[in-house]
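One structure is given below, encoded as structure tokens.
Bear in mind that the values in this text are calculations on the coordinates, not laboratory data. From a predicted model like this one, the values you see are computed outputs, not experimental measurements. Here the Cβ positions follow ideal geometry from the backbone for every residue, glycine too, while neighbour counts run over all protein chains shown.
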Amino acid sequence: MVSNMILEKTSVPARGLFLSIAASFMSGQLAWAAPEGMLKTAPANPQKATAAAGEKAKAQSEPEKTLSEAEKKSALAALKSLHLRTPIEGFDLQRIKGAFYEKRGEEIHHAADLLAERNTPVFAVADGKIAKLFLSKAGGITIYQFDPSERFVFYYAHLEKYAEGLAEGKSIKRGELIGYVGTSGNAPKNTPHLHFSVGVMDQSKKWWQAIEVDPFEVLTDK
Ligand SMILES: [Zn+2]
């Protein structure tokens, strides 16, 4: 989430900086071709996008929270017990190894980018409910999903569209179709991918302030 925000902020006014970001991507899983104008696409709903930017900016101004070793260990154990499935059928999870720690501009990615063809189905990684359907300038068409305990939040971004009938508050099952891979938000238009993250929330359940853990450590390929 944070990385998307950085791309959004830096790439429009500072093309040179954007190119350096693009170069840093080249060394990782996702090679950016940086087509002209790819970041100029207007959000479908500018009002919502503005609200999103505000909320994220507020979150950024607070000191970054981290998990203690004990909290992280506990979270990873609980997440593993959920047997999170890959959100894209048949995706080779080795391809996202290390992606969590890649740099996106000044920030660490803290997510995985699953490259797939446009309109590839995206499946819920666990049972739970749709906490928020959110349209943001950076993430585009996004889904925030809670697990049944509402301790964790799964974030799916750059979608082409939602699955039919998806709505906030809806209970969903692991493996249920929730959306389709796309390039909404600031994803390169010729590189459709799912930006996916796993966040640990505190009691407040503020899904936009969750602390991410590496999806590679908790996703399973079944
Ligand atoms: Zn990403």
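Across region 190-212, the residues whose backbone nitrogen lies under 14 Å from the label position 7 Å along the beta-carbon direction of R95 are 191-196. Once the Cα-Cα distance is subtracted from the 0.36 nm per residue extended length, the K103 to K132 segment shows a gain of 7.7 nm. A convex hull fitted around the alpha carbon atoms of region 103-151 yields 121 Å³ per residue. The length gained by stretching the chain between E168 and E71 to full extension, at 0.36 nm per residue less their Cα-Cα distance, is 32.1 nm. Annotation for R118 and S149: the two label points, set 7 Å from Cα along the Cα-Cβ direction, are 4.0 nm apart.
Protection proxy ranking of 138-151, 89-102, 172-185, 196-209, by the mean of other Cβ atoms within 10 Å over each peptide's residues and highest first, is 138-151, 172-185, 196-209, 89-102.
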